[in-house]
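Quick notes on the structure that follows.
The values are calculated or read from the model by the stated rules, or taken from the named source; none is laboratory data. The shown structure was predicted, so the numbers you read here are calculated from the model rather than taken from an experiment. Virtual Cβ from ideal backbone geometry, glycine too; neighbours counted across all protein chains shown. What goes into the accessible areas is simple: the full protein's heavy atoms, side chains included, and nothing from ligands, DNA or RNA. Shrake-Rupley method; radii C 1.70, N 1.55, O 1.52, S 1.80 Å.
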Amino acid sequence: MSLISAGQMSQRVRIQQPTVAKDALGAPTQTWSDIATVWADIQPISGREARMADRIAAVVSHQITVRYRSEFNDPKSVSQMRVLFRDRIFSIHAALNVDEANVSIMLLASEGARNG
C-alpha cells in the first residue's frame, strides 16, 4: 500500500460533474456543479497537436493524483467529470485506484481537447 505525504499534493483543485438545468425559456442547458475541492498532484505526461473543427489544437495529457474518493468508482460517471485548476480545465478519461488500496486515485486527463 502506497502512502501519500501531504507535501506531494500541493495544488488545490475542484472536481466537477455535468448537470442539466432549465434556462428561462425551459430549454435544457448543461451546467457544472462541484463534487469536491481536494488537494492534488498534477503531472504532464505527453503533448500532441490534433485537428479539431478544421483547426490545429494542442492537447496535453496529465496524470492527476488525489486521495481516494468513492465518486471515482463508476467509470461511466468518471468519464463525464472534469478537474478545474486555476483557469485550466482537465477532462477526465479514467480513474485508476492505485494498487486497489483505496488510498489514492490516479486520474488520466487531457487539457485542450474539449472545453468541458
Across (1) at pLDDT 95 or above; (2) surrounded by 16 or more Cβ atoms within 10 Å (Cβ to Cβ), Asp34 clears everything bar (2)
In this structure, is Ser61 open to solvent by less than 80 Å² (accessible area, probe 1.4 Å) and touching a Gly at 6+ places or on another chain (Cβ under 8 Å)?
-> yes
For segment 100-116, the count of residues that are in a loop (DSSP other than H, G, I, E, B), of a type in the set (A, V, I, L, M, F, W, C) and under 19 Å from Gln11 (Cβ atoms) equals 1
Is it the case that segment 85-99 has a residue that's of a type in the set (Ser, Thr, Tyr), modelled with pLDDT of 90 or more and in a strand (DSSP E or B)?
-> yes
Filter result for the condition that a residue is modelled with pLDDT of 90 or more and outside any strand (DSSP E or B), over Gln80, Gln63 = Gln80
Considering residues that are in contact (Cβ under 8 Å) with a residue 40 or more places away in the chain, of a type in the set (Val, Ile, Thr) and touching a Phe, Trp or Tyr at 6+ places or on another chain (Cβ under 8 Å), the number found within segment 63-79 is 2
Has segment 42-59 got at least one residue that is under 10 Å from the mean Cα position of the chain (by Cα), closer than 14 Å to Ile105 by Cα and either modelled with pLDDT of 90 or more or assigned to a loop (DSSP other than H, G, I, E, B) (or both)?
-> no
Scanning segment 86-103 for residues that are open to solvent by 20 Å² or more (accessible area, probe 1.4 Å) and in contact (Cβ under 8 Å) with a residue 12 or more places away in the chain gives Arg88, Ile89, His93, Ala94, Ala95, Leu96, Asn97, Val98, Asp99, Ala101, Asn102, Val103
